[in-house]
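Asker: Please see the structure below; I have some questions.
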Amino acid sequence: MSPAEREGYALRESVDGLRLRHPEYSASHVLTGIQWIALAVLVGAAALGLVLAPLAAGLAVSGTITAVYVALLVRNIAMFRRLLTPSAGFEVSDAEARALSDDALPCYTVLVPAFGEPEIIASTLQALEGLEYPRTRLDVKLLLEADDQATRAAVVAARPAPHIDVVLVPPAQPRTKPKALNYGLSSARGDYVTIYDAEDRPDPLQLRRAVVAFSRANRRVACLQAKLDYHNPGQNLLTAWFRLEYLTWFGFTLPAIAGGSTPVPLGGTSMHIKTTALKAIGAWDPHNVTEDCDLGVRLYRNGYRTAILESTTYEEANSDIINWVKQRSRWVKGYAQCWLVHMRHPIRLRRELGTRGFIGFNLMVGATTLTSVLNPFLWTLTAIWFTLHPSFIQSVFPDPIYYPAMLSLLAGNCLAYYGGIVTLRSTDQPDLLTAALLMPLYWILMSLASIRALLQLLVSPFVWEKTVHGLDRPVPEPRA
């Protein structure tokens, strides 16, 4: 096979490999035929009910929504108990990590997708140079879009080390991070694969820690998720909120999930995966804009497990609200994609995840996404009720629905609010107190981003809105 033929084959596999081999896992179609029919029936029934029996239809809608919120409250209470004593991840000391001789270390593939990153690519290469791993055992692939001339020029100017392989990804749709990762994986040589984003500053010993952790782990553990944190939390209130959210998610929530019976929604970076397992499940879905969550679910469905690695990679927290909304909209849109894909065959999904895993997946990925869209409407409805007391609200929220709804509203929000306080207290971060106290404002932003995500899911499901990096750096003063 000629180089051109190999490139063409790798590109086709990157775009269509999962869709052709495992079409049931591909998000290349937002809804299947059966899902379209189910949606049409649901919408038609709701519309007909509002015309013929509006009160009964309103009761059905309010009762269903309340049931979802109550289920989430029960799940969050159970989760909160586990957050207080989270499952311990794999902790590998510096001495243990360095004790392995170079000859004992496996080949490790590091995939670094970078698109539109000329301002920070030199820092990216510097961070990769800081990894304490023998160069002869490193398979670093810097994945650049072939038509991204600015980033390519910046890479040349930065003079990457000889062991860093610059891979040019041919332009093709969908233009997403997972497509680039698949293209890089096609020539990967490592026994293990990890991903670092262009702005990442990984723990220099992270690869060695992962090797030791895999040697200790159960054979079913095919993935280790390292922790993510931000290096610029003090830049503004938005970055402080972001850091508090990540401290909770990676420090408490994910370890609690990993110790239970629910799939772990992976982070977009610093997950370490056995190459054989990654290829066995079809690698990444190029059409899913949160390929990390989807990958975590597919690993679990195929019998693999994920554990937490006590090692931290530092990223840049979004400091610009427009940039943040675009990023969060993509995440929520991807979670919706993930839920729709894996719920195509719910009976099979329940069998593969188990009943508890099935419920956990639907609450964590499905219900959380839905409620983030519904929250602002329900907050508004609550404000209208307490100020104007319109009769139509009372009619669709009779006592059996009203009291559980009010309980979930008060207890759920208080629990989430208190969780932020517990996080900053447990992690000894008093500088985040203001952010924790103002967290409800962050929830409003999250809901606005979620509504935008729902609209995007309908009109542009595969569009990957690029997150702008380098905003943590001061703008240079203009020369006189």
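Read-outs throughout are calculated quantities, based only on the coordinates presented, and are distinct from any laboratory measurement. Keep in mind the model is a prediction, meaning the values are calculated, not measured. Heads up, the Cβs are rebuilt from the backbone with ideal geometry, glycines too, and the neighbour counts pull from every protein chain shown.
Asker: So between ARG219 and ALA383, what do we pick up on full extension, going 0.36 nm a residue minus the alpha carbon distance?
Answerer: Contour length minus the Cα-Cα distance gives 53.8 nm.
Asker: Check CYS107: other-chain or 5+ apart residues with amide H under 5 Å from its amide H, H built from backbone geometry?
Answerer: Those qualifying (amide H under 5 Å, at least 5 residues apart or on another chain) are ASP191.
Asker: Moving on to the next point. What is the pair-distance distribution P(r) of region 94-340, computed from all Cα-Cα distances in 10 Å bins starting at 0, with each bin given as a whole percent?
Answerer: P(r) for region 94-340, in whole percents per bin: 7, 31, 40, 20, 2.
Asker: Also: Of all DSSP beta bridges located in region 204-310, what percent are antiparallel, nearest 5? Could the numbers behind the result be given before it?
Answerer: On the way: 3 of 8 bridges.
Expressed as a percentage, antiparallel bridges in region 204-310 total about 40.
Asker: With a 10 Å radius around each residue's Cβ, average the other Cβ atoms per peptide and rank 93-106, 113-126, highest first. Write out the running numbers ahead of the final one.
Answerer: On the way: 93-106: 12.3, 113-126: 20.4.
Result, highest mean Cβ count within 10 Å first: 113-126, 93-106.
Asker: Let me ask you something else. Give me the net charge of SER311's neighbourhood, meaning all other residues with Cβ under 15 Å from the Cβ of SER311; Lys, Arg count +1, Asp, Glu -1. Walk me through the numbers before you get to the answer.
Answerer: Working: positive: ARG98, ARG201, ARG208, ARG209, ARG216, LYS227; negative: GLU91, ASP94, GLU96, GLU132, ASP200, ASP203, ASP229, GLU310, GLU315.
Within the 15 Å Cβ shell, the charges total -3.
Asker: For the chain, what's the relative contact order in percent, using C-alpha pairs closer than 8 Å and at least 6 residues apart?
Answerer: Rounded, it is 22 percent for the chain.
Asker: For region 94-340, what's the relative contact order in percent, using C-alpha pairs closer than 8 Å and at least 6 residues apart?
Answerer: Working: 437 pairs, mean separation 59.0, N = 247.
Here the relative contact order equals 24 percent.
Asker: For region 94-340, what proportion of DSSP beta bridges, expressed in % and rounded to the nearest 5, is antiparallel?
Answerer: Rounded to the nearest five, the antiparallel share is 25 percent.
Asker: Where Rh is the Kirkwood radius over the Cα pairs of region 243-397, the temperature 20 °C and the viscosity 1.002 mPa s, what D in µm²/s does Stokes-Einstein return?
Answerer: Here the translational diffusion coefficient equals 122 µm²/s.
Asker: Please give, to one decimal in nm, the separation of the simple spin-label points placed at ALA157 and ALA122, each 7 Å out from Cα toward the Cβ.
Answerer: Going by the 7 Å Cα→Cβ label model, 0.7 nm.
Asker: Sequence gap at least 6, Cα distance under 8 Å: using those rules, report the relative contact order of region 251-381 to the nearest whole percent.
Answerer: Values: 104 pairs, mean separation 38.6, N = 131.
Result for region 251-381 is 29 percent.
Asker: Rounded to whole Å and sorted largest first, what semi-axes of the equivalent ellipsoid does the C-alpha gyration tensor of the chain yield via the square root of 5 times each eigenvalue?
Answerer: Each semi-axis is √(5λ); the values are 39, 26, 23 Å.
Asker: Return the whole-Å distance between the Cα centroid of region 157-206 and the Cα centroid of region 31-70.
Answerer: Between the Cα centre of region 157-206 and that of region 31-70, the gap is 45 Å.
Asker: So if R0 is 35 Å, what FRET efficiency would VAL459 and LEU438 give, r being the distance between their Cβ atoms, rounded to the nearest 0.05?
Answerer: Here the calculated transfer efficiency is 0.60.
Asker: Give the long-range amide H neighbours of VAL166: residues separated by 5 or more places, or on another chain, with amide H under 5 Å away, using H modelled in the peptide plane at 1.01 Å from N.
Answerer: When sequence neighbours closer than 5 places are left aside, the close amide H contacts are LEU142.
Asker: At each listed q (0.13, 0.14, 0.22 Å⁻¹), what is the log10 of I(q)/I(0) that the Debye formula gives for region 335-471 modelled as equal alpha-carbon point scatterers?
Answerer: At q = 0.13, 0.14, 0.22 Å⁻¹ the computed log10 ratios are -0.86, -0.97, -1.27.
Asker: How big is region 144-196 along each principal axis, measuring the range of its Cα positions in Å and listing the largest first?
Answerer: So the three principal-axis extents are 31, 29, 17 Å.
Asker: Taking θ as phi - 60°, what are the ³J(HN,Hα) couplings along region 131-141 by the Karplus curve (6.51, -1.76, 1.60), each to the nearest whole Hz, with x for Gly and Pro?
Answerer: In residue order, the calculated couplings are 5, 8, 8, x, 4, 6, 10, 9, 10, 8, 10 Hz.
Asker: Where the centroid of each part is defined by its Cα atoms, how far is region 314-330 from region 331-362 in Å?
Answerer: 26
Asker: Rg to Rh for region 96-238: what is it, with Cα atoms only and Rh by Kirkwood?
Answerer: Rounded to two decimals, Rg/Rh equals 0.98.
Asker: Right, next: Considering every pair of different Cα atoms, what Kirkwood radius, in Å, is found for region 190-309?
Answerer: 15.0
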